[in-house]
Amino acid sequence: MGSGFLQASVMFTGEAPGRMEDRTGTGFQGQAGRKFDRMLEYLGLPREAVWLNNAVRCRPVEMNRNRAPRRDEIAACRPWLMRDVANVSPRVIVPLGRVAYQALTGRLDFSQVRGSIVEMTERTVAFPMFHPAYLIYRPASVKTVCRDLLQLGQLLDFWQIPRATGNRSWCESEN
Ligand code: URA
C-alpha cells in the first residue's frame, strides 16, 4: 500500500509493483530499486524519511511477466493514490515516469514538464522525473536524471526539508 514515513514531506510515486514488490509489499526492490536508492542517496534522503507508493497497487501480470498497467487499472487504484496525497500531505511529490504523473495530475504533458515544478494543491507541488528503470534501458539518461536531482535538491532546500549531505559520486563519475 506504500511504505516509509507517513508524515513525510516528500512522496515518490512509481508505476506498479513487480513480483518482489508484490511479495514484500515494499516498492522498488529489484534492479530499478537500486537505481531509486541511488537517487535517494544523491538527495541525502533515507527511505524511512520519505513516503513511497505506486500508482497501481496490484502487480499487472501476463504470462507470469510484468506488463504495463491498463488505463482501467490506473483508474481503479487512483482513490488509494489520492488518499495517500491527502493523508501524507507532502510538500513535494515526485512522480517517477509518465504513468505516475498522469495518475497524480490527470495531465498528459509528462515530456514537457519533466524536471520542472507542477502545481498540484495549495500545499503541494509535483516534480516529475524519469522512472528509475529508464536508467537501465537508456543509460545516457543519467545526465538528465542528475540534472533533475540537482534541481529537486534545490526545491527541497527551498522548502527547508531536512536532508543529509547527499552522495553525488554516482552523478559525478558518470557525467
Ligand atoms: N517499478 C515501479 O514502478 N514500482 C515499484 O515498486 C517497482 C518497480
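Just one residue in the set ARG107, ARG138 is within 16 Å of the ligand (Cβ to nearest atom) and among the charged types (D, E, K, R); that residue is ARG138. Would you confirm, using the coordinates I've provided, whether THR144 is of a type in the set (Ser, Thr, Tyr) and not in a loop (DSSP other than H, G, I, E, B)? Considered against the rule, which asks whether it is of a type in the set (Ser, Thr, Tyr) and not in a loop (DSSP other than H, G, I, E, B), THR144 comes out as yes. Every listed requirement among (1) of a type in the set (Phe, Trp, Tyr); (2) at pLDDT below 95; (3) out of contact with any helix residue (DSSP H, G or I) (no Cβ under 6 Å at 6 or more places or on another chain) is met by TRP170 save one, (3).
Suppose the filter is touching a residue at least 40 places away in the same chain (Cβ under 8 Å), of a type in the set (S, T, N, Q) and exposed (fewer than 13 other Cβ atoms within 10 Å of the Cβ); does ASN87 pass it? Here the answer is yes, as ASN87 does meet what is asked. Exactly one of (1) touching a residue at least 24 places away in the same chain (Cβ under 8 Å); (2) in contact with a Ser or Thr (Cβ under 9 Å, 6 or more places away or on another chain) is unmet by ILE117. Its number? Result: ILE117 passes all but (2). Applying the criterion of being of a type in the set (Lys, Arg) and farther than 12 Å from LEU96 by Cβ to the residues of the stretch 27-38, the residue that is nearest to the ligand (Cβ to nearest atom) is ARG34. Across the stretch 4-26, a minimum of one residue is classified as more than 13 Å from the ligand (Cβ to nearest atom), among the polar types (S, T, N, Q) and under 15 Å from the mean Cα position of the chain (by Cα). Report whether or not ALA76 is within 13 Å of the ligand (Cβ to nearest atom), more than 17 Å from ASP148 (Cα to Cα) and either of a type outside the set (Val, Ile, Thr) or at pLDDT below 95 (or both). No, not satisfied. Within the stretch 44-75, the set of residues being among the small types (Gly, Ala, Ser) and surrounded by fewer than 17 Cβ atoms within 10 Å (Cβ to Cβ) comprises GLY44, ALA68, ALA75. Number of residues in the stretch 117-137 that are surrounded by fewer than 13 Cβ atoms within 10 Å (Cβ to Cβ) and either in contact with a Pro (Cβ under 8 Å, 6 or more places away or on another chain) or modelled with pLDDT under 95 (or both): the value is 4.
The values are calculated or read from the model by the stated rules, or taken from the named source; none is laboratory data. Quick caveat: nothing in here was measured; it's all calculated off a predicted structure. In this analysis, Cβ positions are derived from the backbone assuming ideal geometry, glycine residues included, and neighbour counts consider all displayed protein chains.
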